[in-house]
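Have a look at the structure below, then the notes.
The values are calculated or read from the model by the stated rules, or taken from the named source; none is laboratory data. Please read all numbers here as calculations on a predicted model, not as lab measurements. Note that we place each Cβ from the backbone using ideal geometry, even for glycine, and neighbour counts take in every protein chain shown.
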Amino acid sequence: MADEQSGVPDSTAVRVALWRAMHVQVDPPPHVLEDDIGLRLAAPGEGWRERPDMDPRGTSGFRAAIVARARFIEDLVAEQIGQGVTQYVVLGAGLDTFVQRRPEFASRVRVFEIDQPETQAWKRRRLTDLGYGVPDWLRLVPVDFEAGGDWWEQLSEAGFDPRLPAVVVCTGVTMYLTKEATGATLRRLAGLAPGSTLAMTFMLPTELVDAADRPAFEATKPRAQASGTPFISFYAPHEILALARESGFKDAQHVAGTTLAARYFAGRSDGLRPSSGEDLVVATT
């Protein structure tokens, strides 16, 4: 999504990019993910680390959660590419930088990044300005969701082959969509070629969030509302799993945020850990 006037990605996409950069700048190694390219794309200007939402301590849990999910996705995508999958689709790509940071994997597949037309035009300009360019195997797919754009049709026109397996990723999106819209997306994706994989994040209801994280979790809701991107949908794990299976996926597994915390943050001397509230579903055709 992007601001209609300037084409700059919305504040949520920029915040995610800045948190990923903050992880490298303020957290000691080992770093779960190293990404400063998103910061270069966003070019927030001097003083960006003084923003309230960049407070190193106050937002550490959210920062850790963002890099944990990004690392999980990248591990999954690398695994799928290693198994021969040749198509990678990112729904709501925003300031995703996988192509620029991991060319050893990205250049082996065709990558389709789907987002609003303004965002895609802005990102194309920024990639060109920074010298990265847009290689032939990266397809920036503009879809005007607000005008009812058909992302599946646009994806096909960009060269996606529905006969071949793909890995599809959708992070930080479902909380902004109605459950009907997410269900429609799942039904469409369940028709992907056999051997395809979907990884999608979803937000938990407050009562399923760890008690220690609930105050900060609840505090994000009015801020999201005020920024024009209110949270609409929350899912218990059994609910999203049922939705994926009913949509036609052969298998669906729940990946809890606590699993990512144990996998990527165990034994850290600084005590950094992801806040709870967002989990993943990984479904296969």
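Observations on the structure shown:
- Taking (1) part of a helix (DSSP H, G or I); (2) within 25 Å of Gly84 (Cβ to Cβ); (3) in contact with a strand residue (DSSP E or B) (Cβ under 8 Å, 6 or more places away or on another chain) in turn, Arg188 satisfies each apart from (3).
- Scanning the stretch 77-85 finds no residues that are under 18 Å from Leu18 (Cα atoms) and among the acidic types (Asp, Glu).
- Residues in the stretch 107-152 that are of a type outside the set (Gly, Ala, Ser), out of contact with any Pro (no Cβ under 9 Å at 6 or more places or on another chain) and farther than 23 Å from Val173 by Cβ: Arg108, Arg125, Thr128, Asp129, Leu130, Tyr132, Asp136, Trp137.
- Whenever a residue of the stretch 157-169 is more than 19 Å from Phe98 (Cα to Cα) and in contact (Cβ under 8 Å) with a residue 24 or more places away in the chain, its partners that are β-branched (Val, Ile, Thr) and assigned to a loop (DSSP other than H, G, I, E, B), lying with C-beta atoms within less than 6 angstrom and at least six residues away or across chains, give the pairs Pro165/Val85.
- Test result for Ala190, surrounded by 14 or more Cβ atoms within 10 Å (Cβ to Cβ) and in contact with a Ser or Thr (Cβ under 6 Å, 6 or more places away or on another chain): yes
- Glu34 surrounded by fewer than 21 Cβ atoms within 10 Å (Cβ to Cβ) and either assigned to a helix (DSSP H, G or I) or free of Cβ contacts under 8 Å to residues at least 12 places away in the same chain (or both): no
- Selection from the stretch 236-261 of residues that are of a type in the set (Ser, Thr, Tyr) and surrounded by 15 or more Cβ atoms within 10 Å (Cβ to Cβ): Ser247
- The stretch 192-244, subset polar (S, T, N, Q) and part of a helix (DSSP H, G or I), residue modelled with the highest pLDDT: Thr206
- The condition (being closer than 22 Å to Gly131 by Cα and not basic (Lys, Arg)) is satisfied by just one residue among Thr97, Thr86: Thr97.
- Looking across Thr178, Thr174, one residue alone is closer than 26 Å to Ile240 by Cα and either surrounded by fewer than 15 Cβ atoms within 10 Å (Cβ to Cβ) or out of contact with any helix residue (DSSP H, G or I) (no Cβ under 9 Å at 6 or more places or on another chain) (or both). It is Thr178.
- Residue satisfying all of: in the stretch 266-285; in contact with a Gly (Cβ under 9 Å, 6 or more places away or on another chain) and not hydroxyl-bearing (Ser, Thr, Tyr); farthest from Arg69 (Cα to Cα) among these: Leu272
- The set of residues from the stretch 209-235 being of a type in the set (A, V, I, L, M) and surrounded by 15 or more Cβ atoms within 10 Å (Cβ to Cβ) comprises Val209, Ala216, Ala224, Ile232.
- Any hit, the stretch 41-62, residues being part of a helix (DSSP H, G or I), within 20 Å of the chain's Cα centre (by Cα) and among the aromatic types (Phe, Trp, Tyr): yes
- Hits in the stretch 262-277 (condition: loosely packed, with under 14 Cβ neighbours inside 10 Å and in contact with a Pro (Cβ under 8 Å, 6 or more places away or on another chain)): Ser269, Asp270
- Among residues of the stretch 70-87 that are under 15 Å from Pro103 (Cα atoms), those with a Cβ under 8 angstrom from a residue that is among the basic types (Lys, Arg), sequence gap 6+ or separate chain, pair up as Glu74/Arg102; Ala78/Arg102; Ile81/Arg108; Thr86/Arg108; Thr86/Arg110; Gln87/Arg110.
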